[in-house]
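Beneath this line is the structure, given in structure tokens, with notes to follow.
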Amino acid sequence: MSSKAPELETLLSRKYQHGFVTDIESDSLPPGLDETTVTFISRKKREPQFLLDWRLKAYRHWLTLREPSWATVQHPPIDYQAISYFSAPRTPGDAPKSIDEVDPKLLATYEKLGIPLHERARLAGVAVDAVFDSVSVATTFKDKLAKAGVIFCSFSDAVRDHPELIERYLGTVVPPGDNFFAALNSAVFSDGSFVYVPAGVRCPMELSTYFRINAAKTGQFERTLIVAAEGASVSYLEGCTAPMRDENQLHAAVVELIALDDAKIKYSTVQNWYPGDEHGVGGIYNFVTKRGECRGRNAKISWTQVETGSAITWKYPSCVLKGDGSVGEFYSVAVANNYQQADTGTKMIHIGRNTKSTIVSKGISAGHAVNTYRGLVKVLPTATGARNFTQCDSLLMGSRCAAHTFPYVEVRNPDATVEHEASTSKIGEDQLFYCLQRGVSAEDAVNMIVSGFCKAVFKELPMEFAVEAQNLLSVSLEGAVG
Amino acid sequence: MLKISQLRANVAGRNILKGVDLEVRAGEVHAIMGPNGSGKSTLAQVLAGREDYEITGGSVTFDGADLLAMPAEERARAGLFLGFQYPVEIPGVNNAYLLKAALNAKRKKAGLAEVDAYEFLGLIKAKMKFMGMDESFLSRGVNEGFSGGEKKRNEILQMLVLEPKLALLDETDSGLDIDALKVVAKGVNSLRGADRSIVLVTHYQRLLGYVEPDRVHVFADGRILKSGDKTLALELEARGYDWLREGRVA
């Protein structure tokens with residue numbers, strides 16, 4: 001924390017920094033969605049028949065579903081026929097085989113975003129899969145990971161190279177018919193990341209996917225599947241940005257995590273999609289289904305998210321605690337400023353005996369924003385000895401924003417222990433004045449107070465990203481007070 | 001150092017300060033005493049620059065500058081310190097971190113180089129030792145879970161690190177046991193000097209037994225009713241405040 005103070009003033013004077021557009025030729029489908037769209041995507045990716053069938057089944061099911069309306073968010077109806085479901089930067093001939101064949105404009109884009117993909121400039125200790133619109137453009141450190149037996153590649157490559165793993169695990173945590181957006185994703189998903197860590201392997205480096213939406217009028221529908229076999233462990237991080245545009249763009253992803261006996265998966269998100277401008281124009285609709293299943297004994301899945309972007313966020317990273325003694329964790333900071341709306345939280349489903357879950361949610365609202373925590377702790381009759389601890393805190397800045405907390409608790413085993421703590425506070429005028437009276441500027445004071453509020457979550461992030469998250473927060477809350 | 005003339009202020013439309021006159025010269029220690037609700041704390045908050053108060057008249061100069069024209073943080077950087085009656089908790093924000101930021105804001109204003117973490121640690125540890133504070137304090141959140149006495153001690157520690165020209169201590173003595181009171185008094189006395197002024201707001205005389213004031217003022221109904229030397233405090237202790245107010249009516 002102490003090293004960032006001098007940079008703060010420059011940081012605070014910046015607006016959304018990732019709003020540029022890369023001028024690159026793309027192959028895009030015209031807007032519209034029907035079975036031929038689904039078939040086109042599958043054919044384009046030369047997928048095996050089982051996957052096309054799977055997609056079409058999902059699509060037909062989607063047609064029977066209606067967009068959910070229970071979230072505390074408002075937006076005009078989405079015209080699903082006005083979205084382009086596939087956009088890929090044009091490549092001469094086949095897909096690039098190595099990073100040297102990747103279009104320099106793409107490399108420059110990631111460079112500008114602070115994610116160098118070049119061999120010489122790579123982030124030390126972090127392997128990156130870069131997803132640009134609908135496709136993965138590069139994955140770094142593949143060879144090094146392969147030596148450890150870890151598979152880390154784009155979803156498309158996984159379908160081609162490891163179809164048996166895909167067929168075995170895809171849709172087993174989030175079934176295609178799970179919900180409206182998951183069904184849509186299952187039908188039209190275009191790329192994403194795949195991770196497989198074999199039994200007993202501790203992944204030697206941090207894995208990370210960087211999602212970038214570039215093309216206009218497209219949606220991004222990626223899919224991430226992470227499998228940690230018996231005794232394996234992996235830490236994975238995703239980051240996201242998009243250009244500033246006046247129209248809303250849809251991002252409907254699905255993430256599935258599977259942890260077998262004694263496996264550990266740590267999944268961190270720093271979400272910074274374009275949030276729209278200060279009048280609420282534009283921004284990404286981030287409607288995402290994320291779920292992990294502790295399938296084996298003593299497995300552990302931990303979600304950490306820092307959500308600062310998107311016009312609307314609708315996501316509930318959840319844990320299904322099937323294996324006896326398994327552990328689920330959810331640490332979240334959700335920031336909503338200006339006209340942003342966030343409805344986020346988690347579900348912890350206790351099925352196995354002595355399963356344990358922890359939820360720490362910190363919501364920050366400023367401007368006219370609405371920030372909702374929605375969580376479910378469910379203890380099934382089989383979950384003897386289950387324990388949950390939930391802490392939900394909301395911080396309000398100014399008087400035009402709102403915070404809601406909806407903690408649902410369903411306990412069907414008398415032996416379970418469920419604890420809940422909640423608080424709502426305004427950024428205290430008293431706290432602010434105290435800092436001002438000590439000579440600290442209003443901006444620095446707000447940053448300090450907010451960082452303090454989020455400390456319990458930030459300490460869960462991998463080191464390299466904790467600093468980034470903190471910086472993001474100060475940019476997101478610019479002008480919120482004073 | 002500080003010159004207040006006919007200062008008037010409202011809180012939520014209610015007139016609280018009704019024409020305060022006070023002059024504090026460099027090197028002096030003043031005590032402002034008075035019953036609860038007389039406006040003493042309001043005066044301290046107004047001087048520190050709290051925005052909830054509406055100034056309706058009068059003027060205040062601090063070191064020759066128009067104090068009321070300065071925002072709160074500028075007043076602090078110029079050397080005005082308020083020891084709060086109820087220091088607020090700021091969870092998760094490290095005590096040492098806030099204090100270092102405060103010190104550096106002030107040094108920057110004065111054109112001095114910022115202190116680094118190492119220098120700062122040396123400085124604060126010495127002051128903590130002087131105030132008899134435990135080192136665990138460094139890693140705790142600002143006033144987070146502090147007892148009343150610890151909070152007050154923390155205010156004095158901050159004052160010693162920031163070395164203000166003018167310290168306003170708002171009921172710093174209230175809620176302290178005798179040992180804590182002595183420590184606080186020791187801190188305040190150590191700050192006394194020819195180029196500094198201290199204003200103690202209190203309604204008991206007991207702190208004044210340890211910090212001897214040059215001037216004592218009685219504050220009632222939004223203004224200073226009577227001023228005198230330290231014997232006035234003793235007289236107030238013996239006779240209460242009512243005789244003064246009755247005297248005014250008569």
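Values quoted throughout were computed directly from the atomic coordinates according to the rules given, and no laboratory measurement underlies them. Everything numeric here is computed off the predicted structure, so don't read it as measured data. We place every Cβ from the backbone using ideal geometry, glycine too, and count neighbours over all the protein chains shown.
What Rg and what Dmax come out for segment B:1-57 when only alpha-carbon atoms are used, in angstroms?
Just the Cα atoms of segment B:1-57 yield Rg and Dmax of 11.5, 36 Å.
Pop out the Kirkwood hydrodynamic radius of segment A:313-468 from its pairwise C-alpha distances, inverse of mean 1/r, in Å to one decimal. Intermediate values should be presented prior to the final figure.
Details: mean 1/r = 0.0601 Å⁻¹.
For segment A:313-468, inverting the mean 1/r across all distinct Cα pairs yields 16.6 Å.
Over segment A:254-297, consider all pairs of different Cα atoms and compute the Kirkwood hydrodynamic radius from their mean reciprocal separation; express it in Å, one decimal.
Averaging 1/r across every pair of different Cα atoms and inverting gives 13.1 Å.
How high is the FRET efficiency between B:TYR204 and A:ASP415 when r is their beta carbon distance and R₀ equals 45 Å, given to the nearest 0.05? Don't skip to the answer; put the middle values down first.
Values: r = 56 Å, r/R0 = 1.24.
It comes out at approximately 0.20.
Round to the nearest 0.05 the FRET efficiency obtained for B:LYS125 and B:SER174 when R0 = 25 Å and r is the Cβ-Cβ distance. Display every interim value, and only then the final one.
Details: r = 28 Å, r/R0 = 1.13.
Here the calculated transfer efficiency is 0.35.
Across 5 Å bins from the origin, how do the percents of Cα pairs in segment A:319-411 run, short distances first?
The percentages, shortest bin first, are 4, 16, 24, 17, 13, 10, 8, 5, 3, 0.
Considering only the other residues whose Cβ falls under 10 Å of the Cβ of B:GLY175, what net charge follows from Lys and Arg at +1 and Asp and Glu at -1? Let's see the in-between values first.
Working: positive: B:LYS151, B:LYS152; negative: B:GLU171, B:ASP173, B:ASP177.
My count for the surroundings of B:GLY175 gives -1.
Let me see the P(r) profile for segment A:260-395: every Cα-Cα distance counted, bins of 5 Å, each bin given as a percent of all pairs.
3, 12, 21, 20, 16, 11, 8, 6, 3, 1, 0
Quick check: convex hull over the Cα atoms of the protein assembly as shown, volume per residue in Å³, rounded to an integer? If you can, show how the numbers build up before the last one.
On the way: hull volume 132.7 nm³, N = 732.
So the per-residue hull volume is 181 Å³.
Which three lengths, in whole Å and largest first, does segment B:113-250 cover when its Cα atoms are put on their principal axes?
Projected onto its principal axes, the Cα set of segment B:113-250 covers 62, 32, 24 Å.
For segment A:27-80 and segment A:264-341, what is the centre-to-centre distance using only Cα atoms, to the nearest Å?
Centre-to-centre (Cα) distance: 22 Å.
Tell me, what is a quarter of the convex hull surface for the C-alpha atoms of segment B:27-75, in nm² with one decimal? Please report the intermediate quantities before stating the final value.
Working: hull surface 17.5 nm².
The directionally averaged projection comes out at 4.4 nm².
Considering the Cα positions of segment A:278-317, please state its Rg to one decimal place and its Dmax as a whole number of Å.
Cα only, segment A:278-317: 14.7, 49 Å (Rg, Dmax).
Quick check: convex hull over the Cα atoms of segment B:86-150, volume per residue in Å³, rounded to an integer?
Values: hull volume 6.5 nm³, N = 65.
Measuring per residue, one finds 100 Å³ for the Cα hull of segment B:86-150.
Over the Cα atoms of segment B:190-243, each weighted equally, I'd like the Debye log10 I(q)/I(0) at q = 0.14, 0.20 Å⁻¹, rounded to two decimals.
Values, matching the q order: -0.38, -0.75.
Taking 23 Å as the cut-off for C-alpha to C-alpha distance, list the pairs among B:LYS40/B:LYS127; B:LYS3/B:LYS230; A:LYS105/A:LYS144; A:LYS455/B:LYS152; A:LYS144/A:LYS266; A:LYS142/A:LYS455 that go past it.
Listed pairs above 23 Å: B:LYS40/B:LYS127; A:LYS105/A:LYS144; A:LYS455/B:LYS152; A:LYS142/A:LYS455.
Gap in Å between the Cα centre of segment B:206-227 and the Cα centre of segment B:113-128?
Here the answer is 35 Å between Cα centres.
Per-residue counts of other Cβ atoms within 10 Å, averaged by peptide: what ranking do you get for A:251-263, A:167-179, highest first?
Numbers: A:251-263: 25.2, A:167-179: 18.2.
Sorting A:251-263, A:167-179 by mean packing, highest first, produces A:251-263, A:167-179.
What is the diffusion coefficient of chain B in µm²/s, taking the Kirkwood radius over Cα pairs and the Stokes-Einstein relation at 37 °C with a viscosity of 0.692 mPa s? Kindly include the intermediate steps, with their values, before the conclusion.
Values: Rh = 18.7 Å.
Translational D for this selection: 175 µm²/s.
Just to confirm the filter: which trypsin sites (Lys or Arg not before Pro) across segment B:1-72 are DSSP coil and have at most 14 other Cβ within 10 angstrom of their Cβ? Intermediate values should be presented prior to the final figure.
Values: sites: B:LYS3, B:ARG8, B:ARG14, B:LYS18, B:ARG25, B:LYS40, B:ARG50; in loops: B:ARG25, B:ARG50.
Here the sparse-neighbourhood loop sites are B:ARG25.
Evaluate Rg over Rh across segment A:354-402, taking Cα atoms for both radii and Kirkwood's formula for Rh.
Values: Rg = 15.2 Å, Rh = 12.8 Å.
In segment A:354-402, Rg relative to Rh is 1.19.
Compute the FRET efficiency between B:VAL11 and A:SER423 as 1/(1 + (r/R0)^6), taking r as their Cβ-Cβ distance and R0 = 22 Å, and round to the nearest 0.05. Could you put the intermediate results ahead of the total?
Numbers: r = 28 Å, r/R0 = 1.26.
With R0 = 22 Å, the Cβ-Cβ based efficiency is 0.20.
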